[in-house]
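I have placed the structure first, in the form of C-alpha cells, so that the comments after it can refer back to it.
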Amino acid sequence: MNLSDSKKKLALAGAVCGIVAAALAYFGNPANMAFCIACFIRDTAGALGLHSTETVQYARPEIIGLVLGAFLISAATKEYRSTAGSSPMARFVLGMILAIGSLVFLGCPLRMIIRMSAGDLNAWVALIGFVLGVGTGVFALKKGFSLGRAHLAGRMSGAVLPVLLLGVLILSLATTLLKASQSGPGSMHAPVLLSLAGGLVFGAFAQKSRMCFAGSIRDVILMRNFDLLTIIGSFFVIMLVYNIASGNFVPAFDTPGVIAHSEHLWNILGMYAVGFAAVLAGGCPLRQLILAGQGSSDSAITVLGMLIGAALAHNLGLAASATAVNAETQEIVSGSVPLNGKIAVVICIAVCFIIGFGNKRTEGR
Amino acid sequence: MMKEVDARGLSCPEPVMLTEEVLKSGNEPVRVLVTEPHQRMNVEKCAKDHGRKYTSEETEDGFAVMIG
C-alpha cells in the first residue's frame, strides 16, 4: 500500500485524517482542538505527573495510537527501520522548542489548521509566523545545515518508545496511578477506545502518506512540490465542512471558549519557532511521532523533548492563557502570553539560529 | 564516470537536495544511497522531474537508486 505516489491518494489520506479528527471532536474532544499533538503531549505529561496544572492532565490515547499505528503499519509493510545517532541532544532541544512555541500559540501546526478551519483568525495570523519559520529553516538547509547521519541500530531500540507508550495506555486503563483532570480541557475527551482507534488510523495513514505540516510548506518553498500540501488541503476542507455543519465556524479573533488568544506578535513568533525547529528536526510534531513509531530513536528523543518542553511550559508559566468568559460577570477576559513565555520564545528562536547555522553538512557526496 | 551520493541516514529533505545538486551539475549517471523507503521514492521522483531514467534496488542497509 502506497499512499504517497499520487495526489489523489494523498488527498484521500488527508480526508481520512480529517474525518478522524472531526469524529473525535464530535464525540468529546475539546472543540477547535480535536487532535492537537502539542496539547495532547502536554496532557500526557500532566498525567505522568511531570507538571501539576490540574486542568490539563490526561494520558491521551490519540498520542499512543499515533505511535502504535505508525509502528504496526511500518512493520506490516516492511518500512520499520531501527535507526539512531543523528545529533540526539540537538533533537531533544528542538523537541522542547516545538512544545514551548506551540504552547505559547496554543496549538501545534495540526491544531493551527484545525483552528483556521473553525474561523479562528488568530491561527491565520500564526500561519504567517509558521511559514516564515519554515522559510528560515529552508534557508539554513540551503546553507548546508545537517544534524548528521543516523545509523542502523539494534532492532529493539526503535521499539522502545512504542512499548513505553503501550505501558502508559495499560496503566491509564487498568490503574489509578496516572493523573486525570476533573475539569478543563484535560477532562474533555472522546471515549478511550474511540480515541485509541482514531490515533491508530490517523497514525497509519500519516505514516503511509508522509503527512507533515512543516514538510508541506518546506517542499513548496524548496522544490515547488505541492504533494504534501495536498494532504493538508484536504484535511482542512474536511474540518471546514465539519465546523460549518456543527455550528463551530466563527470567523473572529477574540472568541471565548476556543482555547486561543489574540496576542498577534506572540502567535506569530511562537509558530515561527515551531516552523523553524520543525524543519531543523526533519518534521512537525505529528511527523516526529510517526517517525518514532517507524523506528527512529532520534525522533523518539525529539518526542521526549516535546514531553519535557510541555511540562516546563506549565511548571515555569510559559504557556499562554486562553480568552474566556468570566463566569460571574459574563465579561470576556482576553487570553495572553505571560512574560516568561515571551522570554522563552525569544530564547527558543535564538537556539534555532544556533542549531540551524552551527551544524553544517561535512560529507555526503 | 558514475557519481555517487551517499545520503544514508540523512534527514529529509537532504537526500533530495544532494541528488538535485548533482543532477544539475551534469548528465553523468548517478548512484544515490538512502536508508528509508520514502527517501528512495523522493529521489526517484527527483530523477523523473529531471527527465532522467532510473532503477532502484534494495541494499544491505537501505536502497540504491541508479540514475542514468
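The values are calculated or read from the model by the stated rules, or taken from the named source; none is laboratory data. Because the structure is a prediction, the values reported are computed rather than measured. Cβ sites come from the backbone with ideal geometry, for glycine too, and all protein chains shown count toward neighbours.
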Condition test on A:GLY186, is it modelled with pLDDT under 95, part of a helix (DSSP H, G or I) and either in contact with a His (Cβ under 7 Å, 6 or more places away or on another chain) or over 20 Å from A:GLY69 (Cα atoms) (or both)?
yes
Quiz item: For A:GLY129, are the conditions met, namely being assigned to a helix (DSSP H, G or I), out of contact with any Asp or Glu (no Cβ under 8 Å at 6 or more places or on another chain) and either modelled with pLDDT under 95 or not basic (Lys, Arg) (or both)?
Solution: yes
Of the candidates A:LEU171, A:LEU127, the one satisfying the condition of being out of contact with any Lys or Arg (no Cβ under 7 Å at 6 or more places or on another chain) and either buried (at least 16 other Cβ atoms within 10 Å of the Cβ) or within 14 Å of chain B (Cβ to nearest Cβ) (or both) is A:LEU127
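Filtering segment B:1-29 down to residues that are among the aliphatic types (A, V, I, L, M), farther than 22 Å from A:ALA214 by Cα and facing another protein chain (nearest Cβ under 10 Å), which residue is farthest from the chain's Cα centre (by Cα)? Please lay out each step first, then the result.
Going residue by residue through segment B:1-29, those that are among the aliphatic types (A, V, I, L, M) are B:1-2, B:5, B:7, B:10, B:16-18, B:22-23.
If we keep only those that are farther than 22 Å from A:ALA214 by Cα as well, we get B:1-2, B:5, B:22-23.
This time we only want the ones that are facing another protein chain (nearest Cβ under 10 Å), so: B:5, B:22.
On the way: B:VAL5: 7, B:VAL22: 9 Å.
This residue is B:VAL22.
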Residue pairs within 6 Å by beta carbon, gap of at least six or interchain, first lying in segment A:193-217 and closer than 15 Å to A:ILE63 by Cβ, second among the β-branched types (Val, Ile, Thr), listed first then second, are A:GLY198/A:VAL20; A:VAL201/A:VAL20; A:PHE202/A:VAL20; A:ALA204/A:ILE73; A:ALA206/A:ILE290; A:GLN207/A:ILE73; A:GLN207/A:ILE290
Taking segment A:256-302 and keeping only residues that are within 18 Å of A:ASP120 (Cα to Cα), outside any helix (DSSP H, G or I) and of a type outside the set (Gly, Ala, Ser), one is left with A:PRO256, A:VAL258, A:ILE259, A:HIS261, A:GLU263
Scanning segment A:191-242 residue by residue, those away from every other protein chain (no Cβ under 11 Å) and β-branched (Val, Ile, Thr) turn out to be A:VAL192, A:VAL201, A:ILE217, A:VAL220, A:THR230, A:ILE231, A:ILE232, A:VAL237, A:ILE238, A:VAL241
Within segment A:326-365, restricting to residues that are of a type in the set (Asp, Glu) and farther than 30 Å from B:MET2 by Cβ, the one that is surrounded by the most Cβ atoms within 10 Å (Cβ to Cβ) is A:GLU331
Q.
Please verify whether A:ALA344 is assigned to a helix (DSSP H, G or I), modelled with pLDDT of 95 or more and more than 14 Å from chain B (Cβ to nearest Cβ), treating the condition exactly as stated.
A. yes
A:GLY158 vs. criteria in a helix (DSSP H, G or I), in contact (Cβ under 8 Å) with a residue 60 or more places away in the chain, within 14 Å of chain B (Cβ to nearest Cβ) and over 20 Å from A:ARG218 (Cβ atoms)
yes
(Q) Among the residues of segment A:66-75, are any in contact with a strand residue (DSSP E or B) (Cβ under 8 Å, 6 or more places away or on another chain), farther than 21 Å from A:ARG218 by Cβ and within 14 Å of chain B (Cβ to nearest Cβ)? (A) no
When restricted to A:LEU24, A:LEU12, A:LEU48, the only residue surrounded by fewer than 23 Cβ atoms within 10 Å (Cβ to Cβ) and either within 30 Å of A:SER183 (Cα to Cα) or in contact with a His (Cβ under 6 Å, 6 or more places away or on another chain) (or both) is A:LEU48
The number of residues in segment A:240-291 that are closer than 30 Å to A:ALA84 by Cβ and among the hydrophobic types (A, V, I, L, M, F, W, C) is 14
Report task. Inspect all residues belonging to segment A:3-10 and state whether any of them is more than 30 Å from B:MET41 (Cα to Cα) and either acidic (Asp, Glu) or touching a Pro at 6+ places or on another chain (Cβ under 7 Å) (or both). Result -> no
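Scan segment A:115-131 for residues that are farther than 18 Å from A:THR323 by Cα and of a type outside the set (Val, Ile, Thr) and jot them down.
A:SER117, A:LEU127, A:GLY129, A:PHE130
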Counted residues in segment B:17-32 being free of Cβ contacts under 8 Å to residues at least 40 places away in the same chain, aliphatic (A, V, I, L, M) and assigned to a helix (DSSP H, G or I) come to 3
message: Against the definition (aromatic (Phe, Trp, Tyr) and farther than 30 Å from A:GLN330 by Cβ), how does A:PHE205 come out, yes or no?
response: yes
**Request:** Within segment A:133-145, identify whether any single residue is among the basic types (Lys, Arg), within 14 Å of another protein chain (Cβ to nearest Cβ), out of contact with any Lys or Arg (no Cβ under 6 Å at 6 or more places or on another chain) and more than 26 Å from A:ILE308 (Cα to Cα), and answer yes or no.
**Result:** yes
Checked against (1) in contact with a helix residue (DSSP H, G or I) (Cβ under 7 Å, 6 or more places away or on another chain); (2) closer than 20 Å to A:CYS212 by Cβ, A:GLY282 satisfies every condition except (1)
